[in-house]
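Report on the following structure.
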Amino acid sequence: MASETLTLHNNGHEVSYLDYQGKHKGLLGWLLSTDHKRIGILYMIGVLSFFAVGVTLGFLIRLELLTPQGTIVGPQAYNEFFTVHGIIMIFIVVIPVIPAVFGNFFLPIMLGAKDVAFPRINLLTWYLYIIGGVLILLSLVLPGGAADTGWTFYVPYSVRTGTNMIFTLTAVFIIGFSSILTGLNFLTTIHRMRAPGMDWFKMPLFAWSLYATSWIQVIVTPIVGITLLMVIVERVFHVGIFDPTLGGDPLLFQHMFWMYSHPAVYIIIVPAMGVISEIIPVFSQRTIFGYKFIAYSSLGIAVFGSLVWAHHMFATGMSDTAEFVFSLLTFLVAIPSAIKVFNWTATLYKGSIKLEAPMLYALAFIFLFSIGGLTGIIQGALNVDLYLTDTYFIVGHIHYVVFGGTGFGLFAALHYWLPKMFGRMYNKKVAKVAFWIVFIGFNVLYFPFFILGWMGMPRRSYHYLPQFQLYHVIATVGSWILVLGLLIMMVNLLVSLIKGKKITENNIWGGETLEWKVSTPPTVENFEEIPEVFDGPYEYKQNEYASMEEEVK
Amino acid sequence: MTTQEHAVEQVHRDDIRSKMGMWLFLFSELLLFGGLFFMYSVYRFMHQQDFSIASKEMNTFLGTLNTVILLTSSLTMALSIAAIQRGKKALSIFLQIVTILFGLAFMVNKVIEWSHEFAEGNFPGSASLANRPPGQILYFGLYYSMVGLHGLHVLVGMTVIGFMTVFTIRGKITQDNYVKLEAAGLYWHLVDIIWIFLFPLFYLIT
Amino acid sequence: MEEAKEHSKHAHGYGIYVLVWLALVTLTGLTAAVAGINFGKLSIVVAIIIAVIKSYLVLTEFMHLKTEQRTFKAFIFVALFFIIISLALLFSDYSFYVR
Ligand code: HEM
Ligand SMILES: [Cu+2]
């Protein structure tokens, strides 16, 4: 411990975290590093790899649906494909991605701290995460087959199916644990480690969004954890909990599952909203409009988002009272999200907008998320939902919110922060071309889902009626365009890490938050001296920031 | 906050930070059990009669005894912190060991109880249990899950306190650096609180 | 040595702990005794109230919440708030269910 601190003091100020040589060298220097920046990169490698697997599965699903009968795989394989696709995308891609990658890397820097509150726990979360992810991949290849229940694991099927459920459930449980620990770490970091002068309302909005998200993570993740654990227990020991033959109420499982999984959609989207709130003011060179509203609306989402879970159960025969209450609350929860969209648009208004790649993705986020959100409101209406539930309309909604939201938020963040993280710039032209291909592919792929759903095409269905084929073909073609765009984007980013133009200036985009005050790439210790903060994060009058006197020992 | 305070925090250890982490962890533990309590309340509401009948089979004496044991272990745990605060290392170590022993006694009682239940055929998956009315199957399902998970926490707690005892002996936990012990204590008390609820909910249904 | 001072300020007395323990054991006896009496639907309420009092004692005294930061108390409030509201919403289904 002592020697480590010593080395830090020797070169921690000047050396980039990428070149730093600590106790361990080479690969171990990464795998055992407790530096929040290195852990962020580790997460980035993990998440993007899983994302690639998820996209491949999605691509195969689409290929299968090219024709109304079997095209490339059998029905059982199809069921496993969409289940694992859902599990990977939800639990190991979009839930962790923004907090674990960009939160880890930038939260401490934005707050003016040298690391997160519990660096070692931080590293532990990464290992838990990888173990969980690998378990899920294993379930795909081991005999017995991957989970085929859909990512929702509904009982009684999940208690009875012969596939490798226990693997999958354990994996989700472990990943949940990792997520709780990350949340706990961020909450403590935000409470205890802000730089002098940075009071709550001088925090960047990204930090606010992580704060709200972390609360949701800490509070609701244990609920799904215990619920899935009970399914395991029920499978292994035949303890009566959810299985109706043992007296259980399968709907209770659905309640418990959605008690987490609805708030989880806010774990998914709120950090992405935080990214957007960073990017919009920078690329319109304007103070963000309604800072406090945006900050509070994150908290509002966290609170109200936890109270609407049963809108996933409108068609299950809940009591009428519950149907009414949850429908009403669902309409309310749209308000905080709408507040954000209004504030972003107001910021854009009369700003001098620079259409760089991050900004393009951010604008696409607003557009796609609005479509996703509005279709959500449609489904929140009881009578309409009874018709739309379990159709492709839902699948369209999921993808517009989750992929159009968090997916595009991720791409925006990559284009915004990657140059800072590695000190190299990607090819901006290619980035813009890739954006347009992704954007067009996305809409060609997912918009037909709304039409299909409206026509009555059921989700999770291997066969379909011939009259749906036209839209399925369009969607499949869309998936090819989308995958092409994603490939171009990723290759462009990867190539830039090796061959990209070197960047030495600190402030690449003209941002006002603290990460743009430190060197590119940041040094091991982030700051030579802990800065003192006087202004809010988005004040574009002049650069009034001042790094202050010697810190008191 | 003033600059000075903050600067000090950045460099030195920050006990409040550690405790805050621990409290947040306790919340997630609380909600882990919270989920089970949700299930319990729903099923008890649906099957009041069956729950009451099944709970009559519990050994109330052992349950009460175990409650007292666990409460007392909480006392010794709290006292061990008070001792270290006063620099009384030996006393603190002694009290920590007593706490572990109480935990052990609790577990022994549990084993006795469970083996009794198992001997009567009331174990998960058994034929005689499966033939009972749904409410009673659920009661025992919840009983084994909740009490079992709690037992697991007692074991973890004992292990953690064991480590603390070693740390205290080795001088890593001292009069002015005992936040680890405090955190372990917090965990132990939470386990106690959960039992405070489990006890009436499973043993004392009228 | 600012910090040491900070701590001694919060040093807790042995006596109060023993008192709390006595109260806890008494309350345990009380629940067990009261369980013999049939209050009908109220019995569960009585049991829960006693359990809440006991938890309160453990939280404030053994877990030092009394002398702890305001933030921690707020945290507890958040957790309790969530549990209570969720339970209420859950029962908006189960109180009226006709399955
Ligand atoms: C190239 C990218 C993608 C393609 C081609 C794709 C395709 C699909 C298709 C066709 C379905 C419907 C399966 C069915 O109901 O039969 C589906 C479901 C789903 N997708 Fe994607 N998707 C992609 C990316 C994503 C992303 C980024 C997410 C992020 C969360 C995601 C999450 C989900 C979820 C949660 C479901 C529901 C699974 C279920 O119903 O069990 N997908 N996807
Ligand atoms: Cu929802």
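The values are calculated or read from the model by the stated rules, or taken from the named source; none is laboratory data. All figures in this text were calculated on a predicted structure; none of them were measured in a lab. Glycine also receives a Cβ, built like all others from the backbone with ideal geometry; neighbour counts cover every protein chain displayed. For the accessible areas, the whole protein counts, side chains as well, though only heavy atoms, and no ligand, DNA or RNA atoms are used. Shrake-Rupley method; radii C 1.70, N 1.55, O 1.52, S 1.80 Å.
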Residues within the range A:285-332 that are part of a helix (DSSP H, G or I), touching a residue at least 60 places away in the same chain (Cβ under 8 Å) and either open to solvent by 10 Å² or more (accessible area, probe 1.4 Å) or within 16 Å of ligand 2 (Cβ to nearest atom) (or both), tallied:
10
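Is it true that A:F206 is at pLDDT 90 or above, open to solvent by less than 10 Å² (accessible area, probe 1.4 Å), touching an Asp or Glu at 6+ places or on another chain (Cβ under 6 Å) and assigned to a helix (DSSP H, G or I)?
yes
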So B:T206 passes all but one of these: (1) open to solvent by 20 Å² or more (accessible area, probe 1.4 Å); (2) of a type in the set (S, T, N, Q); (3) out of contact with any Ser or Thr (no Cβ under 6 Å at 6 or more places or on another chain). Which condition number does it fail?
(3)
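Within 13 Å of chain C (Cβ to nearest Cβ), surrounded by 23 or more Cβ atoms within 10 Å (Cβ to Cβ) and either more than 25 Å from A:I219 (Cβ to Cβ) or within 14 Å of ligand 2 (Cβ to nearest atom) (or both), is that true of A:A357?
no
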How many of the residues in the range A:185-228 are among the hydrophobic types (A, V, I, L, M, F, W, C) and under 19 Å from A:N526 (Cα atoms)?
8
Report yes if some residue within the range A:248-258 is within 16 Å of ligand 2 (Cβ to nearest atom), without any contact (Cβ under 8 Å) to a residue 40 or more places away in the chain and either of a type outside the set (D, E) or on the phi < 0 side of the Ramachandran plot (or both); otherwise report no.
yes
Answer residue from the range B:74-83, given it is in contact (Cβ under 8 Å) with a residue 12 or more places away in the chain and facing chain C (nearest Cβ under 10 Å) and is nearest to the chain's Cα centre (by Cα) among those
B:S74
Does the range A:263-270 contain any residue that is without any contact (Cβ under 8 Å) to a residue 60 or more places away in the chain and either open to solvent by 20 Å² or more (accessible area, probe 1.4 Å) or more than 16 Å from ligand 2 (Cβ to nearest atom) (or both)?
yes
Hey, can you tell me all the residues within the range B:180-206 that are of a type in the set (A, V, I, L, M, F, W, C) and touching a His at 6+ places or on another chain (Cβ under 9 Å)?
B:L186, B:L190, B:V191, B:I194, B:W195, B:L198
Using beta carbons and a limit of 7 Å, which pairs, at least six apart or on different chains, have the first residue in the range C:53-76 and among the small types (G, A, S) and the second one assigned to a helix (DSSP H, G or I)?
C:S55/B:I193; C:S55/B:I196
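Could you tell me whether any residue of the range C:48-59 is more than 16 Å from the chain's Cα centre (by Cα) and open to solvent by 70 Å² or more (accessible area, probe 1.4 Å)?
The answer is no; no qualifying residue exists.
Quick grid of which residues meet (1) surrounded by 18 or more Cβ atoms within 10 Å (Cβ to Cβ); (2) under 23 Å from A:F153 (Cβ atoms); (3) more than 11 Å from ligand 1 (Cβ to nearest atom):
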| residue | (1), (2), (3) |
| --- | --- |
| A:G29 | no, no, yes |
| A:D35 | yes, no, yes |
| A:G40 | yes, no, yes |
| A:L57 | yes, yes, no |
| A:P68 | no, no, yes |
| A:I72 | no, no, yes |
